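The values are calculated or read from the model by the stated rules, or taken from the named source; none is laboratory data. These numbers come from a predicted model, not from an experiment. Positions of Cβ are generated from backbone atoms using ideal geometry, with glycine treated the same way; all protein chains shown enter the neighbour counts. Surface areas here come from the heavy atoms of the whole protein model, side chains and all, with no ligands, DNA or RNA. Shrake-Rupley method; radii C 1.70, N 1.55, O 1.52, S 1.80 Å.
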Amino acid sequence: MSRRFLSIGECMVELSQAGDGLLRKGFAGDTFNTAWYARACLGPDWSVDYFTALGDDAMSDEMVAFIDKAGIGTSLIRRIRGKTPGLYMINLKNGERSFSYWRDSSAARSLAADPDSLREAVESADLVYFSGITLAILPQEDAATLLAEIRRAKAAGKLVVFDPNIRPRLWSSYDIMHATISEGARSSVLVMPSFDDEAAHFGDDSIEATVHRYRALGAVHIVVKNGAAGVRLNFAGEESFVPAEKVEQVVDTTSAGDSFNGAFLAHYLETADATAAARFAAGVAARVVSEHGALVAKEKLGLDGG
């Protein structure tokens, strides 16, 4: 019987510079990016599904077709009449990227507004993945609904995975951000933070402080990503370290963390070896940041058979 990897969040329309004043259209978003890389790295015994909400417009139709073509299940995606996907534009100036967003009325903000659909999706999964961005885009009452289902999944023995992915401008206040991120971690089995975010927004002065804080909240396992300085793992209290893989030329770091997460989880689900999974994911992430764009084709990831 196939097992299910369920990723919950927002996939957006991406506009990037294509030269001569033209824009290139794509689709991306943190939890979708992770689903993309999980699908690329997992074997056929696992299905990967995406749970979000989209509209009934042509762009939503195109996004669903794109997700489906990637081998990611779309049957759980809610379609809401009169709504549209969120959109962001990548701006380039002197080689530096910045982002402009149009997501305030995104259909994905209603992804948890139907508790029955949400429960059905979560109950069907073996692994449930979500992020701080997933929580940040939701009205507070819907975030509470999602977290309640996440807690039920953890209590039922599912592997619940959370990347805090802290984006302060998505939150109405620092207090709400801190409280909700902490509740997301408390509701999870495995937390996968990035140390620079944790240092900047929670004041952690060391990776050990980050690990201690998330362990105190109830996370069983923590994987702390620290860019070129490598990855620190604490699995059920056992510590290990995996160095980053050397990259000759970094081209685009947009999906560095998302690709690491997807590759790590895929390898861990297949092997139950967290340290080996981190080594594998470091290699995938190194290849991803050597290419343009958030979603790098499987054949460029150096995977066996890819």
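Could you give the accessible area per residue of segment 93-177, probe 1.4 Å, as a whole number in Å²?
Accessible surface, normalised per residue, equals 48 Å².
Excluding same-chain residues fewer than 8 positions from LYS69, which aspartates and glutamates have a Cα within less than 16 Å of its Cα?
Result set, ordered by chain and number: ASP49, ASP61, GLU299.
Please report the spacing between the Cα centers of segment 45-111 and segment 148-215 in Å, no decimals.
23
Let me spell out the model: positive unit charges on the Cβ of Lys and Arg, negative unit charges on the Cβ of Asp and Glu, origin at the Cα centre of segment 1-144. What dipole size does that give, in debye rounded to 20?
320
Let's see if you can work this out: charge +1 on each Lys and Arg Cβ, -1 on each Asp and Glu Cβ, no other charges. What is the dipole magnitude of the chain about its Cα centre, in debye to the nearest 20?
That gives a dipole near 160 debye.
Against the empirical 2.2 N^0.38 Å scaling, what ratio does the C-alpha Rg of segment 62-213 come to?
So the Cα radius of gyration is 1.12 times the expected 2.2 N^0.38 Å.
With a point put 7 Å past each Cα toward its Cβ, work out how far SER173 is from GLU141 in nm, to one decimal.
1.9
Please pull out the direction-averaged projected area of segment 181-306, using the convex hull of its alpha-carbon atoms, in nm² to one decimal place.
7.7
Take the Cα atoms of segment 15-110, find their three principal axes, and give me the spread along each one in whole Å, biggest first.
Projected onto its principal axes, the Cα set of segment 15-110 covers 45, 34, 20 Å.
I'd like the Karplus ³J(HN,Hα) series for segment 262-276: coefficients 6.51, -1.76, 1.60, θ = phi - 60°, whole numbers in Hz, and an x wherever there's a Gly or Pro.
x, 5, 4, 5, 4, 5, 5, 5, 7, 10, 6, 10, 5, 5, 5
Evaluate the Kirkwood expression for the hydrodynamic radius of segment 89-177, namely the inverse of the mean inverse distance over all pairs of different C-alpha atoms, and round to one decimal in Å.
14.6
Per q in 0.13, 0.21 Å⁻¹, report the Debye log10 I(q)/I(0) for segment 185-240, using one uniform scatterer on each alpha carbon and no solvent.
So the normalised log intensities work out to -0.26, -0.69.
When ligands, DNA and RNA are left out and all protein chains stay put, how many square angstrom of accessible area per residue does segment 199-306 have with a 1.4 Å probe?
Spelled out: the 1.4 Å probe surface of segment 199-306, per residue, equals 47 Å².
Return the carbon/sulfur percentage of the accessible area of the chain, one whole number, probe 1.4 Å, all protein chains in place.
Roughly 49 percent, rounded to a whole number.
Quick one: work out the % antiparallel among DSSP beta bridges in the chain, nearest 5.
Given both bridge residues lie in the chain, the antiparallel proportion sits at roughly 50 percent.
Compute the convex hull volume of the Cα atoms of the chain, divide it by the residue count, and report the result per residue in Å³ as a whole number.
Output value, Cα hull per residue: 135 Å³.
Counting DSSP beta bridges in segment 38-148, what percent are antiparallel, to the nearest 5?
Bridges in segment 38-148 are about 65 percent antiparallel.
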